[in-house]
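Before any comments, here is the structure.
The values are calculated or read from the model by the stated rules, or taken from the named source; none is laboratory data. All values derive from a computational prediction rather than experimental measurement. With ideal geometry, Cβ positions are generated from the backbone for all residues, glycine too; neighbour counts draw on all protein chains shown.
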Amino acid sequence: MTARAAAKRYARALFDVAQAERIDFETINGELAGVAAFVAGNEALQRAFANPAIPAARKRAVLEQLLALSPVSPVVSRVLLLLADRDRLGLLADVADAFRSRLMDHQQVVRAEVTTAVALPADRVQALEQGLAHVTGRRVLLDSRVDSSIVGGAVARIGSTVFDGSVTTQLEKMKQQLIEAE
């Protein structure tokens with residue numbers, strides 16, 4: 001099983017337990033993301049947790065000390081200790097990402113990115129969010145980027161779906177049509 005698949009399984013199990021015990025998903029998401037960010041920010045700790053030469057018992061002891069300093073909810077603590085016992089702490093960032101994705105799916109929220117040639121005013125960003133929400137049937141969290149190479153228009157990405165309305169793409173299509181017409 002790939003690391004990503006294993007992380008999804010742990011995240012799904014955590015989500016199911018939280019749902020069954022009626023625990024606030026946002027709290028769990030925040031705690032899990034906080035621990036993952038802490039580990040990612042500490043290179044030595046990250047290397048130690050990912051190192052198969054270090055026994056799982058020693059990793060668990062380090063994790064228990066960290067949890068004593070900064071306690072988290074019991075369900076998150078159990079998952080972290082389970083990861084330590086199974087020597088899977090290297091998956092922590094992937095588990096946090098998979099849990100966040102599952103939570104967003106549960107909340108009917110999707111992330112999108114829009115790229116434009118110039119910065120968009122807030123009202124245009126909101127209009128794009130509403131338009132994309134209408135297309136997807138979900139609430140959209142939109143990240144906007146500026147890339148002057150697209151000349152004008154916009155390119156929106158939702159997952160693997162791309163809506164390309166850039167001037168550059170339109171010019172390329174026209175060029176291709178002219179070449180084919182000759």
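Residue pairs whose Cβ atoms lie under 7 Å apart, sitting 6 or more positions apart in sequence or on different chains, and linking a residue in region 25-54 that is without any contact (Cβ under 8 Å) to a residue 12 or more places away in the chain and assigned by TED's automatic domain parsing to the domain that holds ASP97 to a partner that is assigned to a helix (DSSP H, G or I) and buried (at least 17 other Cβ atoms within 10 Å of the Cβ), are GLN46/VAL39; ILE54/ALA48.
For region 148-182, enumerate the residues that are in a helix (DSSP H, G or I), surrounded by 13 or more Cβ atoms within 10 Å (Cβ to Cβ) and not β-branched (Val, Ile, Thr). Walk me through it before giving the result.
Filtering region 148-182 for residues in a helix (DSSP H, G or I) gives 148-150, 167-181.
Cutting the leftovers down to surrounded by 13 or more Cβ atoms within 10 Å (Cβ to Cβ) gives us 150, 167-170.
Answer for region 148-182, where residues must be in a helix (DSSP H, G or I), surrounded by 13 or more Cβ atoms within 10 Å (Cβ to Cβ) and not β-branched (Val, Ile, Thr): just GLN170.
Which one of VAL140, VAL167 is more than 16 Å from VAL109 (Cα to Cα) and among the aliphatic types (A, V, I, L, M)? That would be VAL167, the only listed residue that is more than 16 Å from VAL109 (Cα to Cα) and among the aliphatic types (A, V, I, L, M). Taken together, the residues in region 37-74 that are of a type in the set (S, T, N, Q) and in contact with a Phe, Trp or Tyr (Cβ under 9 Å, 6 or more places away or on another chain) amount to 1.
Against the condition over 26 Å from the mean Cα position of the chain (by Cα) and in contact (Cβ under 8 Å) with a residue 24 or more places away in the chain, how does VAL146 come out, does it pass? Break it down stepwise before answering.
Working: over 26 Å from the mean Cα position of the chain (by Cα): no; in contact (Cβ under 8 Å) with a residue 24 or more places away in the chain: yes.
Criteria not met by VAL146.
Just name the residue that is surrounded by the most Cβ atoms within 10 Å (Cβ to Cβ) out of those in region 71-85 that are touching a residue at least 24 places away in the same chain (Cβ under 8 Å) and not in a helix (DSSP H, G or I). Among those that are touching a residue at least 24 places away in the same chain (Cβ under 8 Å) and not in a helix (DSSP H, G or I), it is VAL72.
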